[in-house]
Amino acid sequence: MIKTLKQRAVRSGSWVIFSYLISQVLRLGSNLILTRLLIPEMFGVMAIVSVVMGGLAMFSDVGLLQNIVQSKRGEEADYLDTAWTIQIIRGFFIFFIALLLSIGLYYVRQLEFLSTETVYGNQQLPLLLAVVSITAVISSFNSIHILLLNRKLMLGKLVTIELVSQIIGLIFMLGWAWFQRDIWALVFGGIVASCIKMLLSHLLNLGARCRFLWDKEAVHEIFHFGKWIFLSSILGFFLNQGDRLLLGGVITPKLLGIYTVAFFLANAVIAIFSKLMSSVFYPVLSETVREYPEQLEKVYYRIRNKVDAITFFIAGFIFSSGQVIINILYDQRYQDAGWMLEILGLTIVSSGFFLSGQCFLAQGKAKIVTLMIFIQTCSFFLLFPVLFFLYGIKGALWAIVLAAFLRIIVSSTYLKIYFFYNIKKEFLMLPLAVLGYFLGKQI
């Protein structure tokens, strides 16, 4: 059975990596084109729209994916249909709250409480947020069987859905940008992608037809486990999106747009491993805990060593060559993204340490994950204003890096308290960061 689990994990991981690489190539290609068709300010404004929508999604997250993967009832029809019903209610909730926020932003701006020099004072922001909020309703009708595919480590159809919807959305986005050269290309491209994904999730026959249902036992189980996911998501929003949330109120849309380019490139590596954590590693750890708990440490460090080997090397490489990468890919307007990318590249080192959180979730200890994120979030919001006040935008970026390094300390501490801890294995791949740095210096 261990061999079977390993085979499914490798197959699923291959699908995730394939999907992500294709997705990132498409995103990078479209980003390079769009940065030449649109001005930096547009990316800065849309960054805040994305942060707000992402925040609302995380503020209402009850952990449907984690519940379906971890629960013994995760494959029962009544359980899945109840989860789908909750998903739809959540989608409409996000939609209405986003509308209220857009109205509030409009009147606050009319009263001149917001500086027009900042992103929050941008004239188009309220309307953009209101229109983008439609995607929350569209996505809420996605087939719940998309989440079940993660539990079963059967990701082929899921990859197909995501890539097809992304490609169609990007084609629409690029076409609009080519002819109109306005910010609505970014808005409508996302809406089109959401529509295609929702339709494909039902047309590809992933499982039984979804129906509205309210199973009280299922609801209780979902919210009982999900309450800690809910708190973790709220804290995770402030930790992962807090940089743009705060910067939007203190810098210009142009500078935020340039920062967004650097963030996109630095976060690309973190995002692939975040996707692997939730789609592959978490199901693997969950099944290991259920079926072979004595193998947990062995499985954990087998995954960690592979993740660290890649992320440590890339972090060192970007730290020494970020400016060169930006000079090659982008025009003169975005050159300040180079030094930003070099600093943000250091955050990649912490990617593998997310795995400890997946370990706790697999054990049903979501409360521990919440405490870990709480400590990191508080530290970030203490560091960010102080370093920004003292050193400006550079100080803000170093606050992001320090918060990522704190993640290493916190995750290691909790791992040692509750499970196991091998310091040699934890930092076994550190020399690869030095190797990456020196290779980056050569280009």
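With respect to the numbered conditions (1) loosely packed, with under 14 Cβ neighbours inside 10 Å; (2) in contact with a helix residue (DSSP H, G or I) (Cβ under 9 Å, 6 or more places away or on another chain); (3) modelled with pLDDT of 85 or more, which one is the sole condition not fulfilled by Leu402?
Just one mismatch for Leu402, condition (1).
From the list Glu291, Glu342, Glu287, pick out the single residue that is modelled with pLDDT of 90 or more and either in contact with a strand residue (DSSP E or B) (Cβ under 7 Å, 6 or more places away or on another chain) or charged (D, E, K, R) (or both).
Result of the check over Glu291, Glu342, Glu287: Glu342.
May I ask you to say which residue of Val219, Val299, Val307, Val280 is in a helix (DSSP H, G or I) and within 20 Å of Arg407 (Cα to Cα)? Break it down stepwise before answering.
Numbers: Val219 fails: within 20 Å of Arg407 (Cα to Cα); Val299 fails: within 20 Å of Arg407 (Cα to Cα); Val280 fails: within 20 Å of Arg407 (Cα to Cα).
Exactly one of Val219, Val299, Val307, Val280 is in a helix (DSSP H, G or I) and within 20 Å of Arg407 (Cα to Cα), namely Val307.
Residues that are modelled with pLDDT of 80 or more and surrounded by 22 or more Cβ atoms within 10 Å (Cβ to Cβ): does the range 17-34 have at least one?
no
Looking at Ser71, Ser60, Ser12, which is the one that is among the hydroxyl-bearing types (Ser, Thr, Tyr) and either under 24 Å from Ser165 (Cα atoms) or modelled with pLDDT of 85 or more (or both)?
The conditions single out Ser12.
Can Thr370 be described as within 17 Å of Ile234 (Cα to Cα) and either surrounded by 19 or more Cβ atoms within 10 Å (Cβ to Cβ) or aromatic (Phe, Trp, Tyr) (or both)?
The answer is yes for Thr370.
Given the residues Leu101, Leu26, Leu65, Leu21, which is the only one that is closer than 30 Å to Phe212 by Cβ, within 18 Å of the chain's Cα centre (by Cα), of a type in the set (A, V, I, L, M, F, W, C) and part of a helix (DSSP H, G or I)?
Leu65
One line per residue, one yes/no per condition, for (1) closer than 15 Å to Met46 by Cα; (2) in contact with a helix residue (DSSP H, G or I) (Cβ under 8 Å, 6 or more places away or on another chain); (3) part of a loop (DSSP other than H, G, I, E, B); (4) not acidic (Asp, Glu):
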{"site": "Ile171", "(1), (2), (3), (4)": "no, no, no, yes"}
{"site": "Trp178", "(1), (2), (3), (4)": "no, yes, no, yes"}
{"site": "Ala185", "(1), (2), (3), (4)": "yes, yes, no, yes"}
{"site": "Ile191", "(1), (2), (3), (4)": "yes, yes, no, yes"}
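Considering each residue of the range 78-112, count those that are at pLDDT 85 or above and farther than 29 Å from Leu276 by Cβ, and give that number.
Of the residues in that region, 19 qualify.
Condition first: modelled with pLDDT of 90 or more and of a type in the set (Gly, Ala, Ser). Now tell me which residues in the range 345-361 satisfy that.
Within the range 345-361, just Gly345 meets the criteria.
Only one of these is in a helix (DSSP H, G or I), within 16 Å of Gln87 (Cα to Cα) and in contact (Cβ under 8 Å) with a residue 24 or more places away in the chain: Ala136, Ala130. Name it. Working first, answer last.
On the way: Ala130 fails: within 16 Å of Gln87 (Cα to Cα).
Within the list Ala136, Ala130, the selection yields Ala136.
Restricting attention to the range 408-428, report how many residues are assigned to a loop (DSSP other than H, G, I, E, B) and either in contact with a Lys or Arg (Cβ under 9 Å, 6 or more places away or on another chain) or over 20 Å from Ile314 (Cβ atoms) (or both).
5
The values are calculated or read from the model by the stated rules, or taken from the named source; none is laboratory data. Just so we're clear, the structure is a prediction, and the values are computed from it rather than from any experiment. Virtual Cβ from ideal backbone geometry, glycine too; neighbours counted across all protein chains shown.
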